[in-house]
Structures are given as C-alpha cells and as structure tokens.
Amino acid sequence: MTARKSILIAAAVIVVNLLLGHFFASTGIMMTPVALIIATVLVVLNTKNLRPISMTLTIIGLIIIHDIGLKLYAGGTHDRQGLGWIHLMLIIGLIPSYILLIGGVIRNKKAPLAEKIISIVIFPLILAGHLYLFSDLGLGRHYWYDWN
C-alpha cells in the first residue's frame, strides 16, 4: 500500500469516528482510542518511505483534527464532564500511539539519529501545546435541535 493511500485511509478512520461522535453521542468519544491507534498503525506501518518528522507531523495532524472535530461536533451537552471524558479517552489513545510512533521512527534505518530524536520529541510537545491552547474548545456549544 502506498503512503498516500495509507494516510487517506487513516483520515477516513478519523472522519468515520467523528461522524459516529456526532450522530451517536458517546460512541465516538468511547471509540477515540481505537480510532487513534488504527490511524497511527496505518501511518507507521505503511509509510516506510516517509521521513520520521513527516510521519510524526502526519499523525499529530490526524490526532488534532480528531480532537477538534470531537470537541466541536460531538453530540451531547458539551459540559466540563464531557470534556474530561474526551480528554481521558484522548490520553488513553495517545499512549499506544506514541509507543507505536517511537517504534516506527526507530525502525527507519535511513534517517539520521538527530531527525529521529526530533521527531520523537516534537510529538508530546506539539500535543501539549495543542491541549494548552484548545483544552476548553467547544464548551457550552448547543445545536439548534437540542434546545429544549
């Protein structure tokens, strides 16, 4: 499978989970770890010709798109309890994704050591920055058909 096809399938997994979260309120949130792990496996195992930093940024992009999409468009009341649940499921999915990413980066024999170290270090840094800036995104959001 080519790198492009693998990344498109990983993006489709993220979109399907966001649709689940929108139409079946808590299902998308509960499936977050599964979707993140599947997307990471698809990118890590099928993109051997990608450089480690590109692989890391692709996975981070998919995770951030999933997080923002879930916080803005998931069904429910969008309160602090739901936000905490979203963050818990995100962290549960991030731990195996990070371990898989480290394995994929180390497995790449062509990349220099400095690039491998940078790609391993930027993963938690960028995600920590994202969570710092957008941790309360979507709070208080309501849909026109939910206002009773």
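Observations on the model:
- Yes/no for GLY82 being assigned to a helix (DSSP H, G or I), closer than 14 Å to ALA35 by Cβ, among the small types (Gly, Ala, Ser) and in contact (Cβ under 8 Å) with a residue 40 or more places away in the chain: no
- Pick from the range 1-49, criterion open to solvent by 70 Å² or more (accessible area, probe 1.4 Å) and within 17 Å of SER97 (Cβ to Cβ), ranking: modelled with the lowest pLDDT: LEU45
- HIS66 out of contact with any His (no Cβ under 8 Å at 6 or more places or on another chain) and surrounded by 17 or more Cβ atoms within 10 Å (Cβ to Cβ): yes
- Among residues of the range 73-83 being of a type outside the set (S, T, N, Q) and open to solvent by 40 Å² or more (accessible area, probe 1.4 Å), the one that is nearest to VAL13 (Cα to Cα) is TYR73.
- Residue satisfying all of: in the range 85-115; farther than 24 Å from ILE38 by Cβ and assigned to a helix (DSSP H, G or I); least open to solvent (accessible area, probe 1.4 Å) among these: GLU115
- Hits in the range 50-63 (condition: over 15 Å from the mean Cα position of the chain (by Cα) and open to solvent by less than 10 Å² (accessible area, probe 1.4 Å)): PRO52
- Within the range 45-59, tally of residues that are assigned to a helix (DSSP H, G or I), of a type in the set (Ser, Thr, Tyr) and touching a residue at least 24 places away in the same chain (Cβ under 8 Å): 2
The values are calculated or read from the model by the stated rules, or taken from the named source; none is laboratory data. On a predicted model such as this, the values are computed, not experimentally measured, just so you know. Cβ: placed from backbone, ideal geometry, glycine included. Neighbour counts: every protein chain shown. The area values use the complete protein model at the heavy-atom level, side chains included, leaving out ligands, DNA and RNA. Shrake-Rupley method; radii C 1.70, N 1.55, O 1.52, S 1.80 Å.
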